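Notes for the one structure printed next.
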Amino acid sequence: MLINRANTPCLIISSLRRVYNRCNTAGLTKASNFYTSTTLRLSIPSVSLCEEILSDSKLRKKLSYLDISRHINRSEDWTAGLFHGKHLPTELEVEKLCNLLEISKQDYHNSKDDSVRDTVTDQKGKAGSDGLGEEGLKDERILPDVISTIVKEIPTSSQRTIMAQGWIKSIRKQKSVWFVELVDGSGSEHLQLVIRSDQLAQEHLTNYRLQVGCSIRALGHLVSSKGQSQSKELSVMSIELVGNCPADHYPLQRKEHSLSYLRKFPHLRVRTPEGLTLMRLRSMINSSIGSFFEAHHFVRVETPIITFNDCEGAGEVFGVEPDSEDVANNSTTPAENSTTSPSFFGSQAYLTVSAQLHLEALSAGLGRVYTFGPAFRAERSRTNRHLAEFWMLEAEVSFCDELEPLMRLVESFIKSILRSICSSKDSHKDFDVSISNNPKTVNPTHQLGIHSEERWPRVSYTEAVRIIQTRSSPENISSITWGDGLSSDQEKWLTGCHFESPVFVTDYPQALKPFYMRRSALDEREDKTINDGNRNRPTVASFDLLVPGIGELAGGSLREPDLKTLRRNMTTKGMIRSELGLEPTVEPQVSHHGNSYEWYLDLRRYGSVPTGGFGIGWERLVCWVLGIDNVRESIAFPRVIKSDNC
């Protein structure tokens with residue numbers, strides 16, 4: 001069988017789709033596994049087309065989507081979509097794919113964009129007969145091309161009419177030509193529209209009253225640009241005003257605004273380069289979560305946002321109740337002489353402060369679990385490190401009885417995120433925007449040697465206290481005694497001045513940590529001679545990851561596996577009433593809020609195993625990666641005390 005080498009990338013896509021469909025029909029694989037990190041064997045004897053393409057390849061071995069994605073500098077999800085015909089590779093990616101698969105790229109650059117797209121459509125039609133059905137024919141043209149696709153993938157030699165839609169970022173008017181800079185949020189690129197008065201009547205343009213911020217839809221042809229800031233531009237044939245934007249009221253007229261000014265308009269911040277950068281890079285970081293944890297055999301789970309327990313025991317919770325007593329009472333008549341509303345659920349409910357307790361329950365059957373979702377804490381401080389609503393990545397591992405594997409997992413995950421950003425060309429442009437608007441930024445992807453095999457330092461809390469107490473440098477940081485929590489300036493000094501890198505601080509005093517943490521193995525051998533000479537210093541098997549410029553980024557621990565010890569800890573922390581005793585009992589244990597923790601104690605009664613887990617504050621991670629000083633700039637709609645806008 002002869003193969004048209006000019007369209008080899010398209011054949012690779014369609015062939016592997018055939019592999020998938022035939023194997024799926026034959027029961028050899030499951031559709032749900034096709035997009036995961038499970039290994040895809042590229043040589044499958046039952047598919048002749050795939051065999052011919054790869055017959056002389058050395059890749060008769062196992063390759064995962066993750067392997068291929070790293071080779072072409074794309075995300076794993078995008079790569080899976082490529083092999084399923086949902087994406088088209090760029091010319092550089094074609095070259096990398098052909099090198100990886102050892103396939104010739106003859107005449108590829110001579111093929112026209114339209115013919116390549118037609119070939120893909122034709123191959124999709126054939127693949128549809130193998131099981132994709134009508135949906136296979138619609139994959140490519142469900143939505144119009146976005147500006148990033150127009151700028152990066154469609155050549156000026158294409159003769160087809162291009163539709164571009166977005167928001168006007170800037171307008172320059174000359175005698176007979178209008179230059180409009182158009183953005184749509186799909187990437188850091190903008191598309192310059194060239195509108196000539198000889199093509200569109202001047203009164204037609206005047207009637208539109210095009211202004212910065214207006215949304216428009218334009219039709220035209222791509223042509224080479226004579227300007228230095230872009231390689232191509234759209235010569236406009238027709239234009240439609242979608243949404244007007246009065247210039248005298250629009251608050252984002254200037255090209256640059258201070259962060260304090262933008263805080264007044266969080267609903268419009270995404271219209272600025274800084275806002276676009278934040279959301280795009282945040283999306284990129286978010287998309288890397290699944291690939292990493294699936295590769296380590298974790299299962300993503302969903303945990304409740306409404307809970308009946310405060311797992312941290314700090315009392316910084318938001319209560320949840322209906323805004324009507326009638327709803328709470330399930331009554332059609334108003335409640336009379338009532339001063340408090342009965343609970344909708346039967347007991348007091350709260351917005352979750354952490355998913356950890358429920359993750360422990362799920363890990364008792366699934367082994368390794370993680371979740372990514374919002375958390376809520378009634379933070380009354382207005383520091384640059386705290387939010388009332390924030391996002392957390394939390395994970396739990398069964399059969400875990402040492403801290404080191406957890407710390408290695410956290411370190412590996414964060415480094416993988418930084419590597420994925422480093423390998424993305426789009427993120428480099430976004431970083432340029434972020435750094436240019438924050439001169440103090442030191443890009444952590446270049447600062448830390450993330451490709452190095454050297455691990456970040458580990459130091460116990462006791463040793464960290466000793467380092468701070470005996471420092472010889474003149475930095476003005478607060479003093480500390482054993483048992484105090486590390487302050488923000490102390491954390492930043494340790495990472496920025498002493499270690500000059502992220503550092504794991506382990507084995508914190510038990511009094512500083514929640515009830516569920518296991519006693520530390522260091523209790524018996526830790527040096528007890530510093531500070532006040534107090535030898536009664538119980539510590540717990542815990543760690544905090546501190547990073548330069550931010551301080552605490554992640555925290556984790558081993559969980560207390562013993563039922564009796566756990567109940568004693570809960571009693572000491574005020575989580576359950578001491579009068580109910582410390583021995584195992586079937587009598588429900590009630591917290592000071594009136595909620596039962598008995599279900600959590602059941603996890604120690606029935607098939608208990610040693611577990612450990614961690615949580616990563618997502619906004620702090622975004623701050624560190626982007627070099628943002630204030631956590632309120634790392635999320636689209638920050639929630640802090642005394643702020644009720646948007």
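Would you check if there is a residue in the stretch 575-594 being among the polar types (S, T, N, Q), in a helix (DSSP H, G or I) and at pLDDT below 85?
yes
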>> Checking HIS428 against (1) part of a helix (DSSP H, G or I); (2) at pLDDT 65 or above, only one condition comes out false. Which one?
In response: (2)
>> Can you pull out every residue in the stretch 493-511 that is under 13 Å from ASP544 (Cα atoms) and within 29 Å of the chain's Cα centre (by Cα)?
In response: LEU494, THR495, PRO502, VAL503, PHE504, VAL505, THR506, ASP507, TYR508
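One line per residue, one yes/no per condition, for (1) touching a helix residue (DSSP H, G or I) at 6+ places or on another chain (Cβ under 6 Å); (2) surrounded by fewer than 15 Cβ atoms within 10 Å (Cβ to Cβ); (3) modelled with pLDDT of 80 or more; (4) at positive phi:
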site	(1), (2), (3), (4)
LYS173	no, yes, yes, no
GLU181	no, no, yes, no
LEU193	no, no, yes, no
THR206	no, yes, no, no
>> Test of understanding: among GLU526, GLU500, GLU552, which residue is modelled with pLDDT of 90 or more, in contact with a helix residue (DSSP H, G or I) (Cβ under 7 Å, 6 or more places away or on another chain) and acidic (Asp, Glu)?
In response: GLU552
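The values are calculated or read from the model by the stated rules, or taken from the named source; none is laboratory data. As the structure is a computational prediction, the values presented were derived from the model and not from experiment. With ideal geometry, Cβ positions are generated from the backbone for all residues, glycine too; neighbour counts draw on all protein chains shown.
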